[in-house]
Structure formats: C-alpha cells, structure tokens
Amino acid sequence: MNRPVDAATLEHDAAPAADSASTRARASIEPVGDRCLLIRLGDTVDLATHYAVQAVTALINACPPIGVVEVVPAFTTVAVHYQPSLCPREGDLPSVYLTRQIEALLRQDLPDVASEGRVVEIPACYGGEYGPDLEDVARQCGLAPEEVVALHSGSPLTLYAFFFSPGNPFAGPLDPRLNVKRRSSPRTRVEAGSVAIANGLSSIYQSTSPGGWNVIARTPWNLFQVDRQPPTRLRLGDQLRFTPITPDEFRDLLEPRP
C-alpha cells in the first residue's frame, strides 16, 4: 500500500464558486450582543452555503472595517467580532456603522475560493474495534459493510467547519445512501481519531470524549497539535478523501497524542 498523502494537492473536480448576486440576496446581518455581528447566509449545510461562507469571510478579511478584530466562519454563518472602542465615535452605534460597512463590502464581487482547497488523503481503519458502528450503519442503510466503506471513501468530502472541540473537522456531503441519524444512546467514551457519520456529515474526534455519532472507522493521524502553527493539520475547504487501511497499517502509521 502507498502511504497516504499528507495535505497534498491533487486533481479533483472543480467546485462551484459562490455567486455574488445570490449571496447578497440571502445574506442577513444581525447583532449578537454588543461586540459581534452575525451574517446569515443560509439555513442548510451544503456546498453552495459553504462556499458563500468562505467567500464572505475572505472578502471581509481582505478589507476589514475599522473596529473588526476577528472573522469566524461556521456552517451557515460568519461571525464578525469587533471592539466598540475602535469604531468611529461620532454618529451611528458601532453595530449600525459596521452593518453598513459590511453591506457595502457585500456589494462587491466575491472572491473565488472554491478552487483553493487541497485534497488530503486520510488513512482510516474501518470496522471492528476501530469502527464499532459500521455494521449497524450498514443495517440501517440496507447495505453491506463493504458498501458503506466504499461509499464513505469513494469521493472527497469538503471540510465545512471546525466544531465541537478544537480541531474537530466536519465534512460533507455524504452520499445520500449513508443517511443515518445520531445514535439513540451516546457513548460516554469515543476514542481520539474516531471517524464518525450522522445527518449527512462526517467528523473526526480529535480527543477522547463522549459522543453520539456513528463511529465507522479510526484514523492513526493526529490532526490537532496546540504547539503547531497553525495547530490544525487541515484547512477549511480541504477535500478529505478517506483511504481504507488494515489494522497492521494503522499501528504502523499511529501518531502520538499529548
């Protein structure tokens, strides 16, 4: 077996760029407390919304209005954190001033971020002790376990957001034939590196923790190290391609965790 490629740039199908007009039409801006504005760009987690979120994030980061201190993308929203004392002190409230500045930015053409993601091949050992829910997922989906593995690893998943704990990637969309909900009874312990699916998405637990998703595999890679810069091995927009490996290969590739 060839060793999986770490953060390699490979050929992959071009993704649709965010459409400036449709993004402006569905964008809404609302205050969240007195130091944050939330830009809502959709209400479903999908590729179109993801690329709109990333494009708006890149647009604001390229030319941040006075007072903005951080821009945080999520599944369907962009949070714009600001320091009120840095905003102009005459005229409108800081929230009103920044809303108008962001509205002006959104009237510009959005950058094309769809082509910037890398394809990252992530080794994953499916089933058995590494994927205790594989057979149950197969039963729920009316598939053989081997078909679940083939569908999960068959095409790249776009990394939509980091969520739940530091460095936890959430990616999609899953093949619709893998449509399963969360487990009815969450586990009190899910091993670090566990690859899990639910609600059309796939995630990788970065630390041992409780969890309610369906664990179908485990990766030997450590994708988050606090002493790295940046600490995340993956980036938003990356295309994650899971590569099936054997238990022996898992042990050979196992990386230390703090």
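The values are calculated or read from the model by the stated rules, or taken from the named source; none is laboratory data. Here the structure is a predicted model, which means the values were calculated and not measured. So basically every Cβ, Gly included, is an ideal-geometry build from the backbone, and we count neighbours across all protein chains shown. Surface areas here come from the heavy atoms of the whole protein model, side chains and all, with no ligands, DNA or RNA. Shrake-Rupley method; radii C 1.70, N 1.55, O 1.52, S 1.80 Å.
Yes/no per residue for (1) of a type in the set (Phe, Trp, Tyr); (2) out of contact with any helix residue (DSSP H, G or I) (no Cβ under 9 Å at 6 or more places or on another chain); (3) part of a strand (DSSP E or B):
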{"site": "Thr188", "(1), (2), (3)": "no, yes, yes"}
{"site": "Ser202", "(1), (2), (3)": "no, no, yes"}
{"site": "Arg235", "(1), (2), (3)": "no, yes, no"}
{"site": "Pro258", "(1), (2), (3)": "no, yes, no"}
Practice problem: For region 155-166, indicate whether the set of residues that are out of contact with any Phe, Trp or Tyr (no Cβ under 7 Å at 6 or more places or on another chain), farther than 16 Å from Ile204 by Cβ and free of Cβ contacts under 8 Å to residues at least 40 places away in the same chain is non-empty. | Solution: no
Quiz prompt | Restricting region 198-220 to residues that are more than 13 Å from Phe162 (Cα to Cα) and hydrophobic (A, V, I, L, M, F, W, C), the residue that is nearest to the chain's Cα centre (by Cα) | solution = Ala198
Exercise. Identify all residues within region 113-138 that are touching a helix residue (DSSP H, G or I) at 6+ places or on another chain (Cβ under 6 Å) and either modelled with pLDDT under 95 or open to solvent by less than 30 Å² (accessible area, probe 1.4 Å) (or both); write none if there are none.
Key: Val113, Ala114, Pro123, Cys125, Gly127, Leu134, Val137, Ala138
Practice problem: Go through region 84-130 and give me each residue that's hydrophobic (A, V, I, L, M, F, W, C) and closer than 30 Å to Thr219 by Cα. | Solution: Val113, Ala114, Val119, Val120, Ile122, Ala124, Cys125
Self-check item: Residues that are open to solvent by 20 Å² or more (accessible area, probe 1.4 Å), within 21 Å of Pro186 (Cβ to Cβ) and modelled with pLDDT under 95, drawn from region 139-169
Solution: Phe162, Phe163, Phe164, Ser165, Pro166
Quiz item: Just one of Asp175, Asp227 is open to solvent by 10 Å² or more (accessible area, probe 1.4 Å) and either within 28 Å of Leu41 (Cα to Cα) or in contact (Cβ under 8 Å) with a residue 12 or more places away in the chain (or both); which is it?
Solution: Asp175
Quiz item: Condition test on Pro220, is it in contact with an Asp or Glu (Cβ under 9 Å, 6 or more places away or on another chain) and either in contact (Cβ under 8 Å) with a residue 12 or more places away in the chain or of a type in the set (A, V, I, L, M, F, W, C) (or both)?
Solution: yes
Exercise. Name, by its number, the condition in (1) of a type in the set (A, V, I, L, M, F, W, C); (2) in a loop (DSSP other than H, G, I, E, B); (3) modelled with pLDDT of 95 or more; (4) under 15 Å from the mean Cα position of the chain (by Cα) that does not hold for Val195.
Key: (2)
Exercise. Scan region 204-224 for residues that are part of a loop (DSSP other than H, G, I, E, B), crowded, with 16+ Cβ neighbours inside 10 Å and β-branched (Val, Ile, Thr) and jot them down.
Key: Thr219
Exercise. Considering only region 17-103, give the strands (runs of 3 or more DSSP E) lying wholly within it that have at least 1 residues that are surrounded by 19 or more Cβ atoms within 10 Å (Cβ to Cβ).
Key: 36-40, 68-73, 77-82
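The rows are residues; the columns are (1) modelled with pLDDT under 95; (2) touching a helix residue (DSSP H, G or I) at 6+ places or on another chain (Cβ under 8 Å).
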| residue | (1), (2) |
| --- | --- |
| Asn199 | no, no |
| Ser207 | yes, no |
| Asn214 | no, yes |
| Thr219 | no, no |
| Gln225 | yes, no |
| Pro244 | no, yes |
